[in-house]
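**Q** Here it is: the structure, laid out below.
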Amino acid sequence: MDTSYEIQPDEIEILIVEDSPTQAERLRRLIQSMRYGARVAANGQLALDAIRERKPHLVLSDIVMPEMDGYALCRAIKADPELREIPVILVTSLMDPKDIIRGIECGADNFIRKPYAEDYLLNRIGHMLMNQKLRKNQNMEIGIALYLGDQKHFINAERQQILDLLISTYEQAVQVNSELQARERQVIELNMRLAHHAGELETINREIALKNLELAEASRMKSAFIANMSHELRTPLNAIIGFTGALLMKLPGPLTAEQDKQLNTIRTSARHLLSLINDILDVAKIEAGKVTLELETVQCQHLVNDVVDTLRPLALQKGLGLEVELAGDAIVLETDRRALTQILLNLANNAIKFTEAGTVKVALTKRAGDGHDIIEFSVADSGAGIREEDQAKLFQAFSQLDSTSTRHAEGAGLGLYLCQNLANLIGGSLFFNSDFGHGSTFTLALPQRSAA
């Protein structure tokens, strides 16, 4: 190469015209990494002022800017005899052939496509700086008229300038084509991977469908087993409870004190076992979706009194007070009596079971809700309460909390799980609050529906 056209970076200054501070700083650092000097202007008008103050060796300008865009800036530079020799590189996306024509019309020396590779940008800057000397003695102008998109364009530029611009455009078109080919290869690879994954997913789906059939069959067999075993166990248990009751009534003859004690133990154990079997069967029916509600008109005060009367002997046996607090006006609900009774029995029975001293209170209240009244059945106890870390698992099936209030209690851990499911079935919600060491309160809230 002719050394007369070589450039010394330390003697070169480039003006960056960019309205984005982030992009401008990136370009400034990149250009200074080659030991070029760099200045920055935020728009075309400020760039013109900077150029007239001190002429740069090259202008690198974005096209889309406020006040004066890159085309207008380039046109103003090339129209000024004092400035027209300054090479102008426009940064553009080159999305339309008209972009190239507009660049040639305004006298641009080169294009850089967005997004650009830094090494390519530096190479084009070096190329333009070396060509600057070549163009100084070739000032003969040519004029060309052409039509593009039904619009006439007139190009008045130096031959070397047009050649540089078209070569740079072609180079970037080749670069774009290479990028597109690389992306096409990536797309093909991704499609192959997707096809492979689709095949794996189809296999997995078939396995899942097979497992679902197996689970459905296992669920059916479980339901049949539970129904059959509950019947087989209930019959002898009811017989044991019946015959034990008859013996305790001394119908066959008198009993000794030890016989009376042993028979009471047998009857209590049989009733406990029967209660567990009933809970398991009810849970199985709920989970299988085979529970049918029988709605009827329920007088809530009467139902609460019946529940309390049923459990009062158990409370007296433990020396606990069993209080009732009922709303003054009669409260009537359209609901399933058996489900509501079972919920209240389980809640009150739990309260008595887990309270060693003090009182259990069953309350019935009414409060205003959104659009309808809310009926609340609450059961409060003075037991040990529930630890905060145990509260999250309280309504889980087969969950027994290992705390002071439950350590000696019997049961399979199905009571509250069953209550919550029954509450959901009858359109209510079950919630609680507990203060460890001071007791708990469980509340069943039901929306009141109009009765007769």
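The values are calculated or read from the model by the stated rules, or taken from the named source; none is laboratory data. Since we're looking at a predicted model, the values are computed, not measured. All Cβ positions, even for glycine, are placed from backbone atoms using ideal geometry, and neighbour counts span all protein chains on display. In case anyone asks, the SASA skips ligands and DNA or RNA and just uses the protein heavy atoms, side chains included. Shrake-Rupley method; radii C 1.70, N 1.55, O 1.52, S 1.80 Å.
**Q** If you add up the charges near residue 241, with Lys and Arg at +1 and Asp and Glu at -1, over every other residue whose beta carbon is less than 14 angstrom from its beta carbon, what do you get?
**A** +3
**Q** Relative contact order (percent) for region 237-361, with alpha-carbon contacts under 8 angstrom and 6 or more residues of separation?
**A** 24 percent
**Q** Could I ask something else about it? Would region 207-286 count as rounded, prolate or oblate if I go by the C-alpha gyration tensor, calling it rounded below 1.5 in a/c and otherwise prolate when a/b exceeds b/c, oblate otherwise?
**A** It is prolate, given that a/c is not under 1.5 and a/b is the larger ratio.
**Q** Related question: Rolling a 1.4 Å sphere over the protein heavy atoms, what is the accessible area per residue of region 304-384, to the nearest Å²?
**A** 46 Å²
**Q** A follow-up question, please. Given region 62-124, report the % of alpha carbon pairs whose separation exceeds 13 Å.
**A** Of all Cα-Cα distances in region 62-124, 62 percent exceed 13 Å.
**Q** Where the accessible area of region 7-66 is counted over protein heavy atoms with a 1.4 Å probe, how much of it, in %, is carbon and sulfur?
**A** Answer for region 7-66 is 50 percent, counting heavy atoms of protein chains only.
**Q** How much accessible area per residue does region 26-117 have, in Å², with a 1.4 Å probe?
**A** With the other protein chains kept in place, region 26-117 gives 45 Å² per residue.
**Q** Given 30, 71, 59, which one lies farthest toward the positive end of the charge dipole of region 13-108, if we put +1 on the Cβ of every Lys and Arg and -1 on the Cβ of every Asp and Glu?
**A** Among 30, 71, 59, the one farthest towards the positive end of the dipole of region 13-108 is 30.
**Q** With a cut-off of 8 Å between alpha carbons and a minimum separation of six or more residues, what is the relative contact order of region 298-351 in percent?
**A** 55 percent
**Q** What's the extension gain from residue 235 to residue 178 if we count 0.36 nm per residue and subtract their Cα-Cα distance?
**A** This chain segment gains 12.2 nm when fully extended.
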